[in-house]
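Some notes on the structure that comes next.
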Amino acid sequence: MIHLIKLSVGPKDVAQLAAIQARRAREEPPLRHHTRMAPKRAAELTSGGSIYWVVAGFVQVRQRVLEVREDEWDDGSTCCGLVLDPALVPVAARPVKP
């Protein structure tokens with residue numbers, strides 16, 4: 001099992017991240033995070049791996065990755081879609097440099 005660390009760009013706190021994700025899940029289910037490159041070890045990521053979100057300079061929450069799929073950006077170009085469990089699980093906050 002492997003994990004990813006991703007910067008949450010925009011939200012100032014975990015509550016804002018949760019609100020943004022709830023809106024996205026309603027408007028375009030399932031809840032996904034788009035990224036340019038597909039993870040090379042996708043099978044290990046989906047077998048219990050998580051995204052650890054860096055919010056305001058600290059790793060504060062994690063989310064399980066359920067599926068890795070080919071997806072599209074809004075402009076139609078291809079990308080990778082990481083399908084996420086909607087539950088944000090709090091973790092012990094630790095600082096992370098960009």
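Under the condition of being among the acidic types (D, E), under 16 Å from R24 (Cα atoms) and part of a loop (DSSP other than H, G, I, E, B), which residue from the range 35-91 is most open to solvent (accessible area, probe 1.4 Å)?
Only one residue fits best here, namely D74.
Report every pair of residues separated by at least 6 positions or lying on different chains whose Cβ atoms are under 6 Å apart, first residue within the range 37-50 and of a type in the set (D, E, K, R), second surrounded by 13 or more Cβ atoms within 10 Å (Cβ to Cβ).
R41/I2; E44/I2
Could you grab me the full set of residues in the range 1-34 that are aliphatic (A, V, I, L, M) and outside any strand (DSSP E or B)?
Listed by number, the residues that qualify are M1, I2, V9, V14, A15, L17, A18, A19, I20, A22, A25, L31.
What number of residues within the range 1-34 are open to solvent by less than 40 Å² (accessible area, probe 1.4 Å) and among the polar types (S, T, N, Q)?
Residues in the range 1-34 being open to solvent by less than 40 Å² (accessible area, probe 1.4 Å) and among the polar types (S, T, N, Q): 2 in total.
Name the residue that is nearest to A15 (Cα to Cα), counting only residues in the range 26-78 that are out of contact with any Asp or Glu (no Cβ under 7 Å at 6 or more places or on another chain) and of a type in the set (S, T, N, Q).
Q60
If I go through the range 31-63 residue by residue, how many of them are of a type outside the set (F, W, Y) and over 17 Å from I20 (Cα atoms)?
17
The values are calculated or read from the model by the stated rules, or taken from the named source; none is laboratory data. Keep in mind that what you see is a predicted model, and the values were worked out from it rather than measured. Virtual Cβ from ideal backbone geometry, glycine too; neighbours counted across all protein chains shown. For the accessible areas, the whole protein counts, side chains as well, though only heavy atoms, and no ligand, DNA or RNA atoms are used. Shrake-Rupley method; radii C 1.70, N 1.55, O 1.52, S 1.80 Å.
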